[in-house]
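What follows is a set of notes on a single structure, which appears directly below.
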Amino acid sequence: MSAYHELVARLDYPMGIVTTVADGRRSGCLVGFHTQCSIAPPRHVVFVSKKNHTHDVAAAATALALHLPDRSERRLAEIFGELSGDDVDKFRLVEWDEGPEGLPILRGCAGWIAGHIVDRLGSLEDDHTGFVIEPFAGDVRAPLHQLGFQAVQDMLPGHEA
Ligand SMILES: Cc1cc2nc3c(=O)[nH]c(=O)nc-3n(C[C@H](O)[C@H](O)[C@H](O)COP(=O)(O)O)c2cc1C
């Protein structure tokens, strides 16, 4: 529906970078599709394309980390949004630390949360899976001048959705 596509293309939702680990495999990608979805208990949902390298790893994982990059961190967003773990190990290109439950935590981000995966959303035909997480750790390191979708919509995704 063209009005729908036109409208959502004008939104300026906050970009995130999701990372995860399962069976020693690390993965992560840039996401625009994420939002808080419950207050009590606190829950957040992150939608990951089924074609992404990150999807396979997230499907086997018990937790995700969601980073909120500052608008000065465009380079980090490019690495996670324009490259695929199918071709390159993104974690060799950025600074990160091993965080709770082995999750890779990116140093360059203003804030992050780690959450246990408590549910999955979406039907078989949908091209994204929603991973519902319940936050159990996190940090706010700096004031957040959020990186919005309008500032990165020129990027070429590493995978088609
Ligand atoms: C502006 C922008 C928004 C994106 N939003 C999402 C998203 O919400 N969910 C998703 O799975 N991929 C999203 N992507 C695409 C992935 O970040 C991209 O295809 C990435 O290279 C996949 O990496 P991977 O194969 O290592 O998982 C977005 C990319 C861009 C440039």
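Rule-based calculations on the coordinates, nothing more; no lab input. Since the structure is predicted, the reported quantities are computational estimates derived from the model, not experimental observations. As a convention, Cβ positions derive from the backbone with ideal geometry for all residues, glycine included, and neighbour counts pool all protein chains shown.
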Q.
Helix check for the chain. Which DSSP H runs span at least 27 Å along their own axis by Cα, with a mean Kyte-Doolittle hydropathy no less than 1.6?
A. none
Q. Hey, with R₀ at 30 Å, roughly what FRET efficiency would Glu125 and Asp154 work out to, going by the Cβ-Cβ distance, to 0.05?
A. 0.55
Q | Neighbourhood charge, 15 Å Cβ-Cβ cut-off, centred on Pro41 and excluding it, Lys, Arg +1 and Asp, Glu -1 | A | -1
Q: Give the residue from Leu103, Ala60, Val140 lying farthest towards the positive end of the charge dipole for the chain; charges sit on Cβ (+1 for Lys and Arg, -1 for Asp and Glu) and the dipole is referred to the Cα centre.
A: Val140
Q.
For region 92-161 and region 16-35, what is the centre-to-centre distance using only Cα atoms, to the nearest Å?
A. 5
